[in-house]
Amino acid sequence: MPTVLEAINQGLHAMMAEDARVVILGEDILDPYGGAFKVTRGLSSAFPDRVLTTPISEAAIVGVASGLALRGLRPVAEIMFGDFLFLAGDQLTNHAAKFQWMFNDQVRVPLVVRAPMGARRGYGPTHSQSIEKHFMGVPGLWVVAPHILGDPGGLLRQATLECDAPVVFIESKTCYGRPLISEVAGMTVTEIADHVSPFPTVLLRHDRAADADGLMWCYGGMVPHCLEAIRHLFDAEGLAIDLAVTSQLSPVPASHIARVVDECHSALVVYAEEASAEHGWSAEILAQVQDRVSGSGRAARHVRIGGAHTPIPSGRALEAATVPGARDIIARVLDCF
Amino acid sequence: MPTVLEAINQGLHAMMAEDARVVILGEDILDPYGGAFKVTRGLSSAFPDRVLTTPISEAAIVGVASGLALRGLRPVAEIMFGDFLFLAGDQLTNHAAKFQWMFNDQVRVPLVVRAPMGARRGYGPTHSQSIEKHFMGVPGLWVVAPHILGDPGGLLRQATLECDAPVVFIESKTCYGRPLISEVAGMTVTEIADHVSPFPTVLLRHDRAADADGLMWCYGGMVPHCLEAIRHLFDAEGLAIDLAVTSQLSPVPASHIARVVDECHSALVVYAEEASAEHGWSAEILAQVQDRVSGSGRAARHVRIGGAHTPIPSGRALEAATVPGARDIIARVLDCF
Amino acid sequence: MSAPVTAGSPVRLARCDRASSAADRYALLFGIRLFEQSLLDLFSTGVLAGTTHTCLGQETVAVGVVSAIDRACDIVFSNHRGHGHFLAYCGEVERLYLEILGKTGGVCGGRGGSQHLFLDNFYSNGIQGGIVPVATGMALAEKQRGSGAVAVVFLGDGTLGEGVVYEAFNIAALWQLPVVFVIEHNGYAQSTPSALQIAGEVAARPRAFGISTRECRSTAVDEIARHCAQAVDAARAGGGPQCLICYTYRLGPHSKGDDTRPGQELSEAWLRDPLKTARAVLDETTAAAIERRVGAEILAARIRALEATA
Amino acid sequence: MSAPVTAGSPVRLARCDRASSAADRYALLFGIRLFEQSLLDLFSTGVLAGTTHTCLGQETVAVGVVSAIDRACDIVFSNHRGHGHFLAYCGEVERLYLEILGKTGGVCGGRGGSQHLFLDNFYSNGIQGGIVPVATGMALAEKQRGSGAVAVVFLGDGTLGEGVVYEAFNIAALWQLPVVFVIEHNGYAQSTPSALQIAGEVAARPRAFGISTRECRSTAVDEIARHCAQAVDAARAGGGPQCLICYTYRLGPHSKGDDTRPGQELSEAWLRDPLKTARAVLDETTAAAIERRVGAEILAARIRALEATA
Ligand SMILES: Cc1ncc(C[n+]2csc(CCOP(=O)(O)OP(=O)(O)O)c2C)c(N)n1
Ligand SMILES: Cc1ncc(C[n+]2csc(CCOP(=O)(O)OP(=O)(O)O)c2C)c(N)n1
Ligand SMILES: [Mg+2]
Ligand SMILES: [Mg+2]
C-alpha cells in the first residue's frame, strides 16, 4: 500500500492531469524542493504553468485562491504548517466561505486549502498544533481530514473536483509516512457517505461481538493511535471497541452519526482527538451522539480524550506527555470497566 | 441603572484613572467620534497620551498590544467589529496566548481585546456575526462576555487588571443600549466565581419551584431573549426554567458548571447561543453538563438552540429568521413538554 | 408612495463607457447622487435599517473608473462604499434599492445588502483589504486562461492600513497580473484623517512593489476616466499591475450621521463638488432636462422597490 | 560523552559590545559557528529531533547588530533563525543546548526549543512576520515610559511577504517609535530565491512608509556593527523607526538537510565566508588560541547539556 504522502501526491498528479482547472499554489512547492513535506513533489516539473510558488503570504495565498475559484479554476493551496491557518482565517471565513451564500448562490468558490497539522515531531509550540477545531462550525466552510483507513488521494480529489465550496484539508504530519490500511484483522470495515455528507465515515466493527463494549470516534492523525489501543484492548483485555473515523469534520456529518449510533449500541462512547478537547471536535460529536442515543431510549457514558490544555512543548518527553497516544486511550478506556 | 455601554465606558474611565498602565488602542476611538459604538467616548479627552487611534490594521493592533503587555502595560484594544477578529487570529493564538507558557512562565501578556459581536442590526454578513466560538479552547487565551445581569464595567476591570493573560472581551452590540438588571421578579440571583474560574456565572433560580422544569444556559447578547422566554414560559405556560449565565466562555468554568448542575436537578437542560450552535459554545457546556449529570446518576434531555447554519443576511426579515430570539426559545422549550 | 408603478423590467440608469458624452456622464453622476441621498433620507425616516456608506462627492471616481473598463469581460471588485461603483457598472438602480431594502428581488436576494453586491463580473465585500488578494487571484485566473480581462479593485486610503493589501501588491507585481488597484484617497478613514493613518507618501507604497502608479489629482470625471483608461490599457497589454490613486473627498458622512469633520472644511468642499463641475459644461436646459429625467427614474425605482412585497 | 563535567554556573560565551576587539568578535562568531555546526551533527546522529535553523554564514549580522545595542535596556526580538542573535545577546550556550535538547535547564525549560527563546530582554518566535508588530508595541511601551530603550527586531527577506510587517512599519512610522527593523537579506526564503518572492526594491518598502533605511552590503562584522550603531542611536535619539538591511548569505541548509541551491553557488559562497574575513585580521596564533578556547567552551557546554538528566 502507498503511504499517505504518496497517496496525496499521486492524487494531485492525477487531478492535474485529469482537469486543467486545477492550479496548485503555496510556499516552496516547486521542484526539486517539492514543498516542506514533499507533498507537491514532481508537480511543478509535470505542470509548470499550473504550480505557483508564492511569497510567504498565507492570507494572500488563500485570497488569490478564492479569486481563482470565483473565476472557474479549482485551486489547491498549501499552507506550509497548519499552525499558520489563522493568518488566512479572515480570508477563509469572511471571503471564501461567504461569497456563495451572500451573493445569493450566484457564485461558487471551489477551493482547497491543504494544511499539515499535528505534533510528535518536536517542532515546538508554533509548528505542532492541531488547530482545525477553530475552523469547524463556519457556515459555508468544509473541514475534511484524510486518514490511513481511507483513500487520501481520492478524498482530495473529491474535495477539489466534486465539492463546490471551500474545503480546509487537514493532513497529519505524522501520518505522511504511514502506509494505508485497507483491512483490520477481526474487524469489518464499512464506509458511510451520502449526498448531504459526502466525505465518508469509516466504521470498523469487531466481527465477534454483536454489541461491542464500546465505540470510539476519531479522525485524521489519531487513527493509528486508536487502532493500536483497540488492538491492545481486545487482545490483552478482551474488550471489543468499535471505531468510527470521520473524514468530514465540518459540517458535522449528522446522518453518519445517526447511522453509527443506530448500529452500535455500546454503552460507552469514547472520543479521541489530538488537540485539547476543550471546545474541540469531540464536543460536537458528543452532543449529537448523546442526542441520538437518548432519543432512542438508551443511555451511554461519554469519555473525551484530548491533548493537554497547554501549547505543545518542543522537548521530546514534554511533548509526549502533552499529546494523547495509545497508552492514554487504553488507560482511559480501562478506567471505565 | 446604567446601560451596558455606559457601564463599559465608565469602567474604562475608572480603570484609566486608577492605573496608569492602562492604554487604549483601536480604530476611530478618539473624541469626538469616540469609537464606532461610542464605547471609548471621552477617554481621549481625559487621557490624551494613553488613547491611541490606529490605522485599519487589526493584526498589528493586537500585535502592538501584546508588545505593550509584555513590557508591563495593560492594553485594551478595540476591534471595531468582532467579525474582524480572524484578522488578528494569528496574533491572538500564536503570539499573545503562547508567550507566557512557551517562555516557561517567565513573561505575562495581560491584554484585553474588546470585540462587539452579534446581529439584529441589519449590518449584513460581514458585520453581524458572533464568531467568538472560534476563539474558545485556545490554551492561554481567555474569552469573556459581559451581559445585562452582571457588571460589565467590573468585568472589564477584572479582565484588564486582575487577569495576567490575554482576554477576548465579547460585547453584544444590541445590548449596548440596554440597562443593566440587578433583580428578576420571582427569581433569586446567585453569583458563582472562584479562583480557577474568576469570571462569574450568574444563576437565576425560580423562588417557587424547588426543582424547576428546566435549566437554561446562555451568555452575552442572548440574556435578554432568554429572560423574555423564561418570563413567558412561567407566566403563560406555568413552566419554571432556571437560567445560568456564564461570563467566562473559555477556559470553560468547569467548577461553575458542576455547582449549577449539582444545585439544579432539572431533567431538561437548554442551551442558547446566537451563532450557529454547530461546533459552538454550547457543545462544550453540554458535554460537561451531561458528564456531571450522569456522574451523579441522573439523566437529562439536552436541547441546543442557535442561529441558522448560514451567514447572516442583511434584510431585516431574513435576518430575524436567521438569529434565534425569545420566540424560538419558547417554541423549542414547549416542544419538550 | 402611492404613485402608480408600471410593470416591466427593473429601472436601470444608463451606463457610460469611454465614448460617453459629458451629458451622459452627468446623468449617471446625478443618478448616483440622487440615489444615495435618498438612502440617507430612508435611513433618517427609519424605513431603512442597518448601515450604508454613500459616495457623495466621489461619484466621479466611480463613473470615471468604471467607464474605462470593457464590460464584456473586465471584473470590478468593490468595497464598503460601492453603490457608485455598482451603478456605474450596471445601472441597476431598482434592484440595488431592493437589495438594500432586504427584498428578494435585490441583486443578492436581500442577503448581501449594501456592502455585499454581486452581478455579472461585479463583486463587493465589506471587509477592508481582504478583497485585494481576491481580485488579484481573479486577475491571475484571467491571465491563465488568456481572456484579456482586467480586474479593477477599489480601496480607500485608510485601507492601506491592512497588511494583506501589500501581500497582494507583491504577488500581483511578481506575477505581472492584469489588475488595477484604484485607491480612492478621500483623506479620511471613517473619522480619522489620513495623517493619523498613513505614514509616508501613498504613491510610494505601490511603487515600492514595482507597480506602475498614476495619480489623478483632478476630480473631473473625464480626467479620472482618462487616467483609468491608461491604467486598464496598460494592464490589458501585459504591463502588469497598475495603481491609480484618485484624490477625492467624501461630502457625506462616513455611514449615516457620523460626521465629525469641521463644518468649514465641509462647506468649502461642497463648493468644489465635482458634480457642479460636471454640470457646468452643459447648458442649463440640457442639465435641467437630465435632472428631471433621471430624477423620475430614481423615483420610479424607489417606489417600485418600496412597494415590492418581499 | 564521558568527559568529566565540572560543577558551577552554566557555560557562557563572552559577548561583544561596541568597544569589543576584533579578537573578541571573532571568538563570538566562531563560537556561534561551532555551536550550530554541532547542532547539525546532533541532528544527523539522531540525538536531536524536531527542527533547527542555523545561521551559518550570517553570524556577522547577529554579532554586529547585537553588539550595537545597550544590553541594560534594549530589546531584541528574533525569529526562527535566532541562535546567533541569542548567543550574541547573552552568550548562554549551555542553556541554549539544554533548551534545544528539550531539557528543563534550558532557557525556557525545554518548552520553547530552537525557535521560541526568552531571556531578559530577548524574545523569539517561529511565526514569520508576527513578531514585527509585537516588537513595535514594545518600542511603544518603552517610549511611553521614557526608558530610552530601543527594540530591535530581526526579519528575513522572505518575511517581507507577510502583510503584518507593513502594518507594523506604518504604525512605527506614524508614532515615531524607537524600533530598528533588521532585515537579513540572504537571498532566499527556505528553497525560494528572492526573485520569486520579492517584487521591486527591498529598501523601497520601509522607505515607502517614511522609515529611514540603511543598507549594509558588507558582511564584515564591524561594518554591520557600525551601521547598526547608527540605526540604534538614531532610534534612541527620537529619530523614529529605522530599518537596516544587511545583505548576507546562508551557508548552511534552511533547516537540516534541505538545500537545493546549486553546488557552485554554495562553494563560491563558502570562499567568501565572513568568518574567514574576521579571522584574517588576527594573527594566526591569536586566532588558533581563540578557536581552542572557544572550542573547549562549546564542547564543555555540549557535554554538560547532553549529560543533564532532564
Ligand atoms: C477589516 C475591516 N476593518 C475595519 C472596518 C470598518 N470600516 C469600514 S469603512 C472604514 C474606513 C475605511 O476607510 P477608507 O479605506 O479610507 O475608505 P473610505 O471609507 O474613506 O471610503 C472602516 C474602518 C472594516 N469594514 N473592515
Ligand atoms: C507565518 C509563517 N509562514 C511560513 C513559515 C515557514 N518558514 C519558516 S522559515 C521560512 C523562510 C523564511 O525566509 P526568510 O524570511 O528569508 O528568512 P531566512 O530563513 O532566509 O533566514 C518559512 C517559509 C513560518 N515559520 N511562518
Ligand atoms: Mg478614505
Ligand atoms: Mg532569507
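Each residue in C:90, B:336 was given a count of other beta-carbon atoms within 10 angstrom of its own, and listing them fewest first yields B:336, C:90. Taking the charge dipole of the stretch D:83-180 about its Cα centre, with +1 at Lys and Arg Cβ atoms and -1 at Asp and Glu Cβ atoms, the residue from D:151, D:176, D:121 reaching farthest to the positive side is D:121.
GNM remark for chain C: springs join alpha carbons under 10 Å apart, and the peak mean-square fluctuation among C:292, C:145, C:111 falls on C:145. Answer rounded, prolate or oblate for the stretch D:133-236, using the Cα gyration tensor with square roots of eigenvalues a ≥ b ≥ c: rounded when a/c is under 1.5, else prolate when a/b is larger than b/c, else oblate. Because a/c hits 1.5 or more and a/b fails to exceed b/c, the stretch D:133-236 counts as oblate. If you run the Gaussian network model on chain C, springs between alpha carbon atoms under 10 Å, then out of C:213, C:45, C:192 the most flexible one is C:45.
In terms of Cα atoms, the Rg and Dmax of chain D work out to 18.6, 57 Å.
Label-point spacing at residue D:71 relative to the other copies reads 7.0 nm, in ascending order, each point sitting 7 Å out from Cα along Cα→Cβ. Oblate is the label for the stretch B:83-187. Its Cα gyration tensor axes, ordered a ≥ b ≥ c, give a/c of at least 1.5 and b/c at or above a/b. Under 15 Å of direct C-alpha separation, and excluding same-chain neighbours fewer than eight residues apart, residue D:103 reaches these aspartates and glutamates: A:319, D:92, D:94, D:307. Comparing A:9, A:116, A:80 along the charge dipole axis of chain A, the residue lying farthest to the positive side is A:80, per the Cβ-charge model. Globularity index of the stretch C:8-80 is 1.25 (Cα radius of gyration / 2.2 N^0.38 Å, N = number of residues). Summarising the amide proton neighbourhood of residue A:23: residues at separation of 5 or more, or on other chains, whose placed amide H is nearer than 5 Å comprise A:74, A:76. Overall, the protein assembly as shown carries a charge dipole of about 1240 debye about its Cα centre when +1 sits on the Cβ of Lys and Arg and -1 on the Cβ of Asp and Glu, all other atoms neutral. Here's the picture: charge each Lys and Arg Cβ at +1 and each Asp and Glu Cβ at -1 in chain C, and of C:271, C:232, C:294 the one pushed furthest to the positive end of that dipole is C:232. Take every pair of alpha-carbon atoms less than 8 Å apart whose residues are at least six positions apart; their mean separation over the length of the stretch B:109-215 yields a relative contact order of 28 percent. Please give the helix A:254-263 orientation as an angle from the longest Cα principal axis of chain A, in degrees from 0 to 90, rounded to the nearest 10. Around 20 degrees separate the two axes. Restricting the calculation to Cα atoms, the stretch B:248-337 shows an Rg/Rh of 1.03 when the hydrodynamic-style radius is the Kirkwood one.
Label points for residue B:2 are taken 7 Å from Cα along Cα→Cβ. From this copy to the others they lie 6.4 nm apart, shortest first. Shape summary of the stretch A:184-337, radius of gyration then Dmax from alpha carbon positions: 15.0, 47 Å. Note on B:90, D:17, A:242: ascending count of other Cβ atoms within 10 Å places them as D:17, A:242, B:90, the fewest first.
With Cα atoms defining each centre, the stretch B:202-261 and the stretch C:6-49 are spaced 51 Å apart in the structure.
For the stretch A:298-331, list residues with backbone N below 13 Å from a point placed 7 Å from the Cα of residue D:310 toward its Cβ? Output list for this probe position: A:317-318. In nm, give the distance between the simple-model label positions of residue B:105 and residue D:264, each being 7 Å from the Cα along the Cα-to-Cβ direction. That separation, rounded to one decimal, is 5.8 nm. Pairs over the 29 Å Cα-Cα cut-off, from the set A:38/B:133; B:173/D:143; B:38/B:133: A:38/B:133; B:173/D:143. Sorted ascending by nearby beta carbons within 10 Å, beginning with the fewest, A:213, A:207, B:28 become A:207, A:213, B:28. Computed over all pairs of different Cα atoms, the Kirkwood value for the hydrodynamic radius of chain A is 20.2 Å.
The stretch B:147-236 has equivalent-ellipsoid semi-axes of 26, 16, 10 Å, by the square roots of 5 times the alpha carbon gyration tensor eigenvalues, sorted largest first.
Spin-label pair residue D:217-residue D:12: with each label point 7 Å from Cα along the Cα-Cβ axis, the two points sit 3.9 nm from one another. Per-residue ellipticity at 222 nm computed for the protein assembly as shown from its helices equals -11000 deg cm²/dmol, with DSSP H segments shorter than 4 residues left out and the rest contributing -39,500 (n - 2.57). Could you work out the percent of alpha carbon pairs in the stretch A:1-109 separated by over 25 Å, rounded to a whole number? Above the 25 Å cut-off, the stretch A:1-109 has 22 percent of its Cα pairs.
For residue A:185, the label point sits 7 Å beyond Cα toward Cβ; its separations from the matching points on the remaining copies run 7.3 nm, from shortest to longest. More than 20 Å apart: what percent of Cα pairs in the stretch C:21-138 qualify? Percentage above 20 Å: 38. Loop-located GluC sites (Glu not before Pro) in the stretch B:159-194 (DSSP state not H, G, I, E or B) with no more than 13 neighbouring Cβ atoms inside 10 Å: B:183. Exposed loop sites here mean trypsin sites (Lys or Arg not before Pro) with a DSSP loop assignment and at most 13 other beta-carbon atoms within 10 Å; chain B contains its longest site-free run at B:1-207. Compute the acute angle (0 to 90°) between the alpha-carbon long axis of helix A:281-295 and the principal axis of greatest extent of the alpha-carbon atoms of chain A; round to the nearest 10°. Helix A:281-295 and the main axis of chain A meet at about 50 degrees.
Cα axis of helix B:4-18 to longest principal axis of chain B: angle in degrees, 0 to 90, nearest 10? Taking Cα atoms only, the helix is inclined about 40 degrees. Per residue of A:116-126, other chain Cβ atoms within 10 Å of the residue Cβ number 6 on average. Placing a label point 7 Å from the Cα of residue C:281 along the Cα-to-Cβ line, the residues of the stretch C:26-47 whose backbone N sits under 15 Å from it are C:26-30. Cα centroids of the stretch D:178-223 and the stretch D:249-310: 24 Å apart.
Each Lys and Arg Cβ is given +1 and each Asp and Glu Cβ -1; about its Cα centre, the stretch A:26-129 then shows a dipole of about 280 debye.
Residue B:184 label point, 7 Å along Cα→Cβ, cut-off 11 Å on backbone N: hits in the stretch B:221-250? Taking a point 7 Å out along Cα→Cβ of residue B:184, the residues of the stretch B:221-250 whose backbone N falls under 11 Å are B:223-234, B:241-246.
Sum up the charges of everything whose Cβ sits under 10 Å from the Cβ of residue A:26, counting Lys and Arg as +1 and Asp and Glu as -1, but leave residue A:26 out. Result for the neighbourhood of residue A:26: -3.
Considering every Cα-Cα pair within the protein assembly as shown, what fraction, in whole percent, is farther apart than 46 Å? For the protein assembly as shown, the share of Cα pairs beyond 46 Å comes to 36 percent.
Readers should treat all values here as calculations from the given coordinates under stated rules, not as data from a laboratory. Given the structure is predicted, the values throughout are model-derived calculations rather than measurements. Cβ sites come from the backbone with ideal geometry, for glycine too, and all protein chains shown count toward neighbours.
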